[in-house]
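Worksheet for the structure shown next.
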Amino acid sequence: MVDYFLGENGLENVYSWSIPILAAFILAELIYSHVSEAKLYNGKDVATSVYLALMNFGLDLVMKVFAMGVMFFFYNHRLFTWEFTIWYWLICFVITDFAYYVLHYVDHHSRAFWAVHITHHNSEYFNLTTGFRSPVLQPLYRYLYFSPLAFLGFNPWHIMVVYAIAQVYGTWVHTQTVKSMGILEYILVTPSHHRVHHACNIKYLDRNMGMCLIIWDKIFGTFEKEDPNVPVKYGIYPKMPDNKPDTVLLYEWRKIWKDIKQPGLKFSDRINYIFNSPGWSHDGTGKTVRQYQKDYWAKKNRKSSKIQKKSA
């Protein structure tokens, strides 16, 4: 059984087992949404998620040989050789999850990578099919984040299978039907944590980046708990002008192109428009997430101070 999931065909086996289970959960959530009139699903939105997932899957297949070749190059020059014990698999899982956290952090803080990742966030719905709403171009560079793990002696097939298992879990947390997971809220990324991640509320932006473990967010200061006083609003701001397939896929790239074509820009400004934080502008008229949140908390603190003075 271990070889079945962790061998060279492990990726395909993980997906072949998980897809029917996820399909059953999606059906259950659809029925719940209909019976409770929760309106968690929209037909066009689901179709867009499937379209993006298929494009991502196709590019993944095209890139597979090259990506694994790069990872095996590092593995063949590895620093350490591990015995395949329980500790090997545990460490492989933990550092793969951390590598994803780093990838995800960069996707949110560098505009070119945000242009790729935005397709996962532009839906105003949040349900299990949102988990399939893939960053289409991510296979072009994802393996670069996992290559250092291969250099440390972890077999690339094992890395990618562990990542695939984490992806399956990461799909499941895209739901509004699970309110809390009790004590697991302190250890794992839960639906509550991931609802925060998909929010466009200023308080929640760029928070809860983990795939499986929430500990990375707590260590690096990117954790935010779901606040019952701040209901989650899904999607991106500003909203896309329409939901056409090319708009969904190219929305941020078109905005980048418009910015770098501005006359009179220095070369460094053009580079910053591509790779600096989303919202950066050469003339200071734009705001990054950090600037928005700094203003948000300053306003909250001023309001709190006024209330305290009145009650004193």
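The values are calculated or read from the model by the stated rules, or taken from the named source; none is laboratory data. Computed from a predicted structure; not experimentally measured. Note: ideal-geometry Cβ built from the backbone for every residue, glycine included; neighbour counts use all protein chains shown. Note: accessible area is taken over every heavy atom of the protein model, side chains too, but ligands, DNA and RNA are not part of it. Shrake-Rupley method; radii C 1.70, N 1.55, O 1.52, S 1.80 Å.
Quick one: angle between helix 156-172 and the longest Cα principal axis of the chain, in degrees between 0 and 90, rounded to 10, please. Tilt of helix 156-172: around 40 degrees.
Taking the chain as a Gaussian network of alpha-carbon nodes connected by springs under 10 Å, the highest mean-square fluctuation of the residues Met71, Met211, Met240 belongs to Met240. If you take every residue apart from Gly221 with its C-beta less than 13 Å away from the C-beta of Gly221, what net charge results, scoring Lys and Arg +1 and Asp and Glu -1? Summing Lys/Arg as +1 and Asp/Glu as -1 gives 0. The gain in end-to-end length when the Ser268 to Asp227 segment is fully stretched comes to 10.8 nm, 0.36 nm per residue minus the alpha carbon separation.
Over the chain, DSSP H runs of length four or greater, each weighted -39,500 (n - 2.57), average out per residue to a 222 nm ellipticity of -19500 deg cm²/dmol.
Note down the net charge around Tyr105, summing +1 for each Lys or Arg and -1 for each Asp or Glu among other residues with Cβ under 10 Å from its Cβ. Could you put the intermediate results ahead of the total?
Values: positive: none; negative: Asp107, Asp206, Asp217.
With Lys, Arg at +1 and Asp, Glu at -1, the net is -3.
Between Lys294 and Leu140, residue separation times 0.36 nm minus the direct Cα-Cα distance comes to 52.1 nm. The residues neighbouring Cys200, those whose beta-carbon lies less than 13 Å from its own, together hold a net charge of +3 under the Lys/Arg +1, Asp/Glu -1 convention.
With Cα atoms defining each centre, the stretch 65-123 and the stretch 238-284 are spaced 27 Å apart in the structure.
Just to confirm the number: angle between the C-alpha axis of helix 86-109 and the first principal axis of the chain, 0 to 90 degrees, nearest 10? With both axes taken from Cα atoms, the answer is about 30 degrees. For the options Ala298, Ala38, Ala47, a Gaussian network treatment of the chain with springs between C-alpha atoms closer than 10 Å singles out Ala298 as fluctuating the most. Residue pairs exceeding 22 angstrom between C-alpha atoms, taken from Lys39/Lys287; Lys225/Lys299; Lys218/Lys303; Lys179/Lys203: Lys39/Lys287; Lys218/Lys303.
Hey, any idea what % of the stretch 35-190's accessible area is carbon plus sulfur with a 1.4 Å probe?
Roughly 72 percent, rounded to a whole number.
Between the Cα long axis of helix 289-311 and the first principal axis of the chain there is an angle of about 50°, rounded to the nearest 10.
How large is the accessible surface per residue of the chain, computed with a 1.4 Å probe and reported in Å² as a whole number? Provide the component values of the computation, followed by the final result.
On the way: 17290 Å² over 312 residues.
With the other protein chains kept in place, the chain gives 55 Å² per residue.
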